[in-house]
Amino acid sequence: MAKQELVPIKVKIGLRDNGEADHPNWGLLPLASAGASDQDRRNIAAKQMSSSWKYDNVYGHKEEGPDSPYGMQWGMLFVTKQFAKEAIAMWPTLVTEMTEAEAETFWEERYAVDLPEYKADERVLINLKNELILRKEAGLPTDEIMVRITKALDPNSKDAGIRVHKLKKFLKAKDTLNIKLVKSDDPD
């Protein structure tokens, strides 16, 4: 399957008086103008994005950072070229195009900073542990279960257990999300 060619954009997100996030209304973009209602237009715009928001998890709305005052947070989206061009033109003080290097830095130092390096399938690990305990208590051989446990604890094994988190590192995440980053002014 061909990778989606998408542009990384950085969006300045404020807070509304009711405490909800105040990001641009993508339904106002010209690409969404065919929608009959505001929700239709937002849905049309949403189809021009890949996955969901990638928020700055270091400096949120309630923290203050070097480029993030209290009450404001950065978010990153991967969008089509048309979406990027229209959003930057419509909200030039809120939306900027990112280079691939900037997107990688944001991903690894702001978005994925709290993601664990590994994901554990606790159900599998608990079942293996319980089987080992029962085999020992019953005086049964444990060689085979120890091999299965060893494989389950190896994040590079194909066996269920502990796995590398596919969204922790930017390079792996792009493959997982099936995206190729491009610039909005790249020729089609």
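Coordinate-derived values only; no laboratory data. As the structure is a prediction and not an experimental result, all values here were calculated from the model. Here the Cβ is made from the backbone with ideal geometry for all residues, glycine too, and neighbour counts use every protein chain on show.
What nm value, rounded to one decimal, do you get for the distance between Arg123 and Leu171 when each label is placed 7 Å out toward the C-beta?
3.3
What length, rounded to one decimal in nm, is gained on full extension from Glu5 through to Glu64, with 0.36 nm per residue of separation minus their alpha-carbon distance?
So the extension gain works out to 17.9 nm.
May I ask you to list the lysines whose Cα is less than 16 Å away from that of Lys62, ignoring any residue fewer than eight positions away on the same chain?
Lys12
Could you give the size of the charge dipole of the range 1-102 about its Cα centre, using +1 on the Cβ of each K and R and -1 on the Cβ of each D and E, expressed in debye and rounded to the nearest 20?
Around 360 debye, computed over the range 1-102.
If you build the Cα gyration tensor of the range 25-118 and take the root of 5 times each eigenvalue, what three semi-axes come out, in whole angstrom, biggest first?
Gyration-tensor ellipsoid for the range 25-118: 26, 15, 13 Å.
Out of all Cα-Cα pairs in the chain, roughly what percent, to the nearest whole number, are more than 24 Å apart?
Result for the distance tail: 53 percent.
Find the Rg to Rh ratio for the range 118-163, where Rh is the Kirkwood radius over alpha-carbon pairs and Rg uses the same atoms.
So for the range 118-163, dividing Rg by the Kirkwood Rh gives 1.01.
State which helices in the chain qualify, where a helix is a whole DSSP H run, it must extend 18 Å or more along its own axis by its Cα atoms, and its mean Kyte-Doolittle hydropathy must be at least -1.0.
TM-like helix candidates: 122-138.
Over the chain, what relative contact order in percent results from Cα pairs under 8 Å that are six or more residues apart?
Normalised by residue count, the contact order of the chain is 27 percent.
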